[in-house]
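Engineer: The structure is given below, and queries will be raised subsequently.
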Amino acid sequence: MAQAFTKEMARNIFYGGTVFFFLLFLALTFDTHLALPDRDRRELLDPETDLGQQIALGKKVWEDNNCVGCHSLLGEGAYFAPELGNVYTRYNNSTDGIIGFIKSRPKDGIPGRRSMPQFNLSDEELEGVAQFLKYASQIDAAGWPPNIEG
Amino acid sequence: MTLKYPSQAVATPYFIAAIGLFVAQILFGLIIGLQYVVGDFLFPEIPFNVARMVHTNTLIVWLLMGFMGAAYYLIPEEAETDLHMPWLATLMFWVFLVAAALTVLGYLLVPYATLAEMTGNDLFPTMGREFLEQPTITKIGIVIVALAFIYNIGMTVLKGRKTVVSLVLLVGLVGLAVFFLFSFFNPLNLVQDKFWWWWTIHLWVEGVWELILGAILAFVLIKVTGVDREIVEKWLYVIIAMALITGLIGTGHHYYWIGAPEYWQWWGSVFSALEPIPFFMMAVFAFNMVNRRRRNHPNKAATLWALGCAVMAFLGAGVWGFLHTLSPVNYYTHGTQITAAHGHMAFYGAYVMINLAIISYAMPILRGREANGEKAQVLEMWSFWLMTVSMVFITLFLTAAGILQVYLQRYSDNPQSFMVVQDKIELFYWMRFFAGVVFLGGLVAYIWSFFVPGEKTAAQMAPVGQAGEGGSAVTPGV
């Protein structure tokens, strides 16, 4: 690098650039949170309602069983098992379909093939996780995934 | 050869534990690689999600162990004073190691839901999110270890010489601790959950970790090339400036499809398209410094790791990141094997290799010699090529799998279901698995190189040059 460009100038670019772009990032973050109420379906999450409580239980079941360790949800997670952000629509807008699938997993797997473990969830937990996935499918994710297969 | 500052020796257990966890990471990587094609392998004893959690969590912990070892080794030398509290560093090593071991045992011995219940996840739910699967109590332990570590390093820097390398390292480490705190924020609102989750994940690996990477790379290059510190430090500032200028807003490439506003497709695409720049500069920097070296350091292996790190980080993080970062491309590739391909090469190139570079440089000195003997170094360089080339193949096979997956499942006129497509791309998973086996071979060679008896090299027998920081002086411009 040319001598005219000193270490002090490089240092100032680092500090100045970092502060400026961090502030810009904060501003965009703030604006995003203003825009989210129209996109994230938070009205479904009201803890005063049955549905809100079911979704809260569903998210807990989702996390307590590390579902994201095999599946992706809105494209994030592992890529070993199908995307679940749109599983509700893939199952013909049916929570019963989701519940039926989770319940029917064989305890010892399927010879030679990938199989979801049997988690022995209660009916309440099954309903919760299905409602949680239905809620995920209703988030405005900018038209993603590209098609029903996820 | 003895250590300049006796307290640097606290780094040794950190480096050894890091390599031990690296072995565990690779073994579990092979397990999940095999489960991709032999679906019932170890089922139901070790289901995929558990083995993957061990694979990713041991990676994170061993990289952190390596960063800590690196800091404990290089900060006394940079600050020209002994570590503030060596005993605290040793104590924290054991706390960290025991916490990590208990967590991994918890993953393997009880169902994850039981672990969540046992560790009181209901009181303070933070578990079950990718890479942040650790029980809340483990997360609190990580914070305590990180604070004690930063205190120790910070006090050492304060009482001693303040170099740009230590300053940048310290800023990176403080950032690491601060952004980890977002792992405790887990709102019910899924969009907010995902939005803030990235403040830990992205702002670590595409933010503050790049500062740590830059500082360690700069330190190693100063040592092995003898190039004037002023020049190295100027490069370091420019590289990390570009890393944060592009990487902060670059977070936007994770906000395309999780419910955040569409404008992130513009912000994310434009800024993350610039993210390869700092990595390209890092590669130019590393080769430049080595070409302008003022001495030939006898540790050839460390130089190789440093150069390899800069190149592979550029390919993995820079090129493979750019490949799928533009939002119109990412619309099709998001959450496919393309992401996995990028993740593997980026982590290996940037963070695994920088750790192996500092370990390669520091371990011989910690063991009382300036560099390992010829035979040990040749074996270590074999391990470099075995691991690096096999990682290139792992990345290429996953990329091929990803392209087919995107086409068959998302792009063709008749999209097919996930599992049908997985069966069709099986061949590439098999090839990835075999490349992984070769990687393990490279890792075995690497560990073996530590046990090759060290005969003295010519450079070691010659008196140490006047250049100061080790190595024999050579005429400039060689």
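Engineer: Could you tell me the convex hull volume per residue, in Å³, taken over the Cα atoms of chain B? Don't skip to the answer; put the middle values down first.
Structural biologist: On the way: hull volume 66.6 nm³, N = 478.
Expressed per residue, the convex hull around the Cα atoms of chain B is 139 Å³.
Engineer: Over the stretch B:19-133, one equal point on each Cα, no solvent: what is log10 I(q)/I(0) by the Debye formula at q = 0.15, 0.16, 0.20 Å⁻¹?
Structural biologist: -0.76, -0.83, -1.10
Engineer: I would also like to ask the following. Taking the dipole about the Cα centre of the stretch B:238-450, with the C-beta of Lys and Arg at +1 and of Asp and Glu at -1, give me whichever of B:G373, B:F439, B:N414 is farthest to the positive side.
Structural biologist: B:G373
Engineer: Still on this model: Please compute the net charge surrounding B:G128, taking Lys and Arg as +1 and Asp and Glu as -1 over other residues with Cβ under 15 Å from its Cβ.
Structural biologist: Working: positive: A:K59, A:K60, B:R52, B:R129, B:K139, B:K194; negative: A:E63, A:D64, A:E76, A:E125, B:E117, B:D122, B:E130, B:E133, B:D193.
Net charge in that neighbourhood comes out at -3.
Engineer: Amide H of B:N296: which non-local residues (sequence gap of 5 or more, or other chain) have their own amide H closer than 5 Å, using H built in the peptide plane?
Structural biologist: Correct list: B:S472, B:V474.
Engineer: Now a separate question. Calculate the all-directions average of the projected area of the stretch A:40-150's alpha-carbon convex hull, and give it in nm².
Structural biologist: Details: hull surface 28.2 nm².
About 7.1 nm², averaged over all directions.
Engineer: How long, wide and thick is the stretch A:29-79, going by the Cα atoms along their three principal axes, in whole angstroms, largest first?
Structural biologist: 32, 29, 13
Engineer: Further question: Would you list which lysines come within 16 Å of B:K375, measuring only between C-alpha atoms, while excluding same-chain residues fewer than 8 positions from it?
Structural biologist: Reachable lysines: B:K300, B:K456.
Engineer: What number results when the radius of gyration of the stretch B:238-450, computed over Cα atoms, is divided by 2.2 N^0.38 Å? Kindly include the intermediate steps, with their values, before the conclusion.
Structural biologist: On the way: Rg = 19.7 Å, N = 213, 2.2 N^0.38 = 16.9 Å.
Dividing the Cα radius of gyration by 2.2 N^0.38 Å gives 1.17.
Engineer: Still on this structure: Using Cα-Cα distances under 8 Å and only pairs 6 or more residues apart, what relative contact order does chain B have, in percent? Can you show the working numbers first?
Structural biologist: Values: 735 pairs, mean separation 73.2, N = 478.
Across chain B, relative contact order equals 15 percent.
Engineer: Next question. Give the aspartates and glutamates reachable from B:K223 as a straight Cα distance under 18 Å; neighbours fewer than 8 places away on the same chain don't count.
Structural biologist: Candidates past the 8-residue exclusion: B:E77, B:E78, B:E80, B:E233, B:E370, B:E469.
Engineer: Oh, and also: Using the Kyte-Doolittle scale, find the helices of chain B whose mean hydropathy is at least -1.0 and whose Cα atoms extend 27 Å or more along the helix's long axis, counting only whole DSSP H runs. Let's see the in-between values first.
Structural biologist: Details: long enough: B:11-35 (36 Å, 1.83); B:48-79 (45 Å, 0.82); B:86-109 (34 Å, 1.97); B:136-159 (35 Å, 1.67); B:229-250 (31 Å, 1.30); B:374-406 (47 Å, 1.23); B:426-449 (35 Å, 1.28).
The answer, listed by residue number, is B:11-35, B:48-79, B:86-109, B:136-159, B:229-250, B:374-406, B:426-449.
Engineer: A follow-up question, please. Using only the alpha carbon atoms of the protein assembly as shown, find the Kirkwood hydrodynamic radius as the inverse mean reciprocal pair distance, in angstroms to one decimal. Let's see the in-between values first.
Structural biologist: Working: mean 1/r = 0.0395 Å⁻¹.
Kirkwood radius, the protein assembly as shown: 25.3 Å.
Engineer: What are the residues whose amide H is under 5 Å from the amide H of A:R113, where those residues sit 5 or more places off or on another chain and H is modelled from the backbone?
Structural biologist: When sequence neighbours closer than 5 places are left aside, the close amide H contacts are B:G39, B:D40.
Engineer: I've got another one for you. Go through B:2-10, B:228-236 and give me the packing order, highest mean Cβ count within 10 Å leading. Don't skip to the answer; put the middle values down first.
Structural biologist: Details: B:2-10: 17.0, B:228-236: 19.4.
Ranking the peptides B:2-10, B:228-236 by packing returns B:228-236, B:2-10.
Engineer: Then there is this: Show me the helices of chain A, taken as full DSSP H stretches, that run 20 Å or more along their long axis by Cα and average -0.5 or above in Kyte-Doolittle hydropathy. Spell out each step's value before the answer.
Structural biologist: Working: long enough: A:7-35 (42 Å, 0.88); A:50-64 (21 Å, -0.59); A:123-138 (23 Å, -0.57).
Once both thresholds are applied, what remains is A:7-35.
Read the figures in this text as sums done on the coordinates, not as results from a lab. A quick note: this is a predicted structure, and the numbers were derived from the prediction, not measured. Using ideal geometry, Cβ is built from the backbone for each residue, glycine included, and neighbour counts are taken over all protein chains shown.
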